[in-house]
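For reference, the structure discussed in these notes is given below.
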Amino acid sequence: MSAFELVRRTHVAADPARVHDLINDFRKWPAWSPWEGLDPAMQRDYSGSDAGVGSHYAWSGNRKAGRGSTEITDSNPQEVGIDLHFDKPFKADNRIVFELTPAEGGTDVAWTMRGEQTGLSGLFGKLFNMDRLVGGDFEKGLARLKTAAES
């Protein structure tokens, strides 16, 4: 078992409230999530609160999309905290945090994922580190978040 932390950052030329709104509502993730195009037939289930704490999103898709769920557990203007659970392609439980910092001309955004690599994900972790596995997806997602917030 090994702990990991993956962080990517960007600057968005938009008000922090606009950026927060796109992150804090799972129904708005299709506009920017890097994983939305992996399976056009992916099944989605939204439950709980419409947005913010208690909002829940579950998905089930092809091999690339996998199956899992997320729940917003913390939300304030500076941060959105999410519990992420994967069932497929491997089991994993991770913590996601989006930090939103007002900055000149907009918002600095940090997207962090923390977790433990165990079981199959631990085996993959020995072959590929999480940065190589997911870092590019975070960069793509932040670029899409920037575009969505700035438009």
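The table below lists the values:
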| item | result |
| --- | --- |
| Filter pass, E36 being free of Cβ contacts under 8 Å to residues at least 24 places away in the same chain and in contact with a helix residue (DSSP H, G or I) (Cβ under 8 Å, 6 or more places away or on another chain) | yes |
| Residue ID - modelled with the highest pLDDT, chosen from residues in the stretch 129-139 that are more than 19 Å from D108 (Cβ to Cβ) and of a type in the set (A, V, I, L, M, F, W, C) | V134 |
| Filter result (surrounded by 14 or more Cβ atoms within 10 Å (Cβ to Cβ), closer than 22 Å to G135 by Cβ and aliphatic (A, V, I, L, M)) within the stretch 1-27 | L6, V7, V12, V19, L22, I23 |
| Selected residue [part of a helix (DSSP H, G or I) and modelled with pLDDT of 95 or more] from L100, L142, L120 | L142 |
| Subset of the stretch 28-73 (residues that are on the phi > 0 side of the Ramachandran plot and surrounded by fewer than 18 Cβ atoms within 10 Å (Cβ to Cβ)) | G48, G52, G54 |
| Residue satisfying all of: in the stretch 103-117; open to solvent by 50 Å² or more (accessible area, probe 1.4 Å) and within 23 Å of D25 (Cα to Cα); modelled with the highest pLDDT among these | D108 |
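The values are calculated or read from the model by the stated rules, or taken from the named source; none is laboratory data. Treat the numbers as computed from the prediction; the structure is a model and nothing was measured. Glycine gets a Cβ as well: all are built from the backbone with ideal geometry, and neighbour counts include every protein chain shown. Side chains included, ligands, DNA and RNA excluded: accessible areas come from the protein's heavy atoms. Shrake-Rupley method; radii C 1.70, N 1.55, O 1.52, S 1.80 Å.
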